[in-house]
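One structure, pasted below without further comment.
Values quoted throughout were computed directly from the atomic coordinates according to the rules given, and no laboratory measurement underlies them. This one's a predicted model, so the numbers in the text were calculated from it and none came from an experiment. Ideal geometry is used to build each Cβ from the backbone, glycine not excepted, and the neighbour counts take in all protein chains shown.
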Amino acid sequence: MRAVNGGHAQRYPLALRLLHWLLALLLVLQVALGFMAEYAVTPERSAALFPLHFRLGMLILCLTLLRLALRLWLPVPGADDATPWRGWIRSGVHGLLYALALLLPVSGHVIWVWMGADRTLFAGVQVPALFVPPADETGRALAWYVHVYGAWALSALAVLHVAAAVSRQIRHGDRFIVRRMGLARLPGRPVNGGSARHHGAGAAPPVEE
């Protein structure tokens, strides 16, 4: 991962910001869809929701892999934590969020293959099975536990992640979330990404993105 350090707080690249908010939305929808399917009042409703849950999970898996690859490739803002332990916690939570966002679709795929369910995504495109389920269903039970408790862990970490970002913004009063992950152009940014050549008296320098 290439970190960009500097005096001004910098934004994540646009591609990472877009994927961040898209995945946040899809993960909230996916967790809700999973619990709705698991605790549906009728078997018919559960049977209708689980295929949607599977397809959305495969989409989340692909988008998470893309976001991880871009995060490792593109320059990202350097850490601005006041104390080292905050940086360690932040990195640990981010790492766990990525791990769970990958682990949940993979464990869901294992369960889906074990059930012998239809793996068609769209237009006849099928997700490969990648393995033949053995007669012993220990692996299926393990995947189910990972999937269910992983969903709870992901939900808890997501709440912690949001709470930490909001707390940091309140403590510093610097619109941290907007500056780091906002989609609108920041005030004072030079047109077309160029550098400002002159500043009038008392004018503030452009905010870097």
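Quick one: how many residues across region 152-173 are surrounded by 14 or more Cβ atoms within 10 Å (Cβ to Cβ) and of a type outside the set (Lys, Arg)?
10
With the requirement that a residue be surrounded by fewer than 18 Cβ atoms within 10 Å (Cβ to Cβ), β-branched (Val, Ile, Thr) and without any contact (Cβ under 8 Å) to a residue 60 or more places away in the chain, what does region 31-80 give you?
Val41, Thr42
Moving to a separate point now. Give me the residue from region 88-147 that is in contact (Cβ under 8 Å) with a residue 60 or more places away in the chain and of a type in the set (D, E, K, R) and, out of that set, farthest from Phe35 (Cα to Cα).
Going through the qualifying residues, I end up with Arg90.
For residues that are under 20 Å from the mean Cα position of the chain (by Cα) and surrounded by 12 or more Cβ atoms within 10 Å (Cβ to Cβ), tally how many sit in region 125-151.
Of the residues in region 125-151, the ones under 20 Å from the mean Cα position of the chain (by Cα) are 146-151.
If we keep only those that are surrounded by 12 or more Cβ atoms within 10 Å (Cβ to Cβ) as well, we get 146-148, 150-151.
Total satisfying the criteria: 5.
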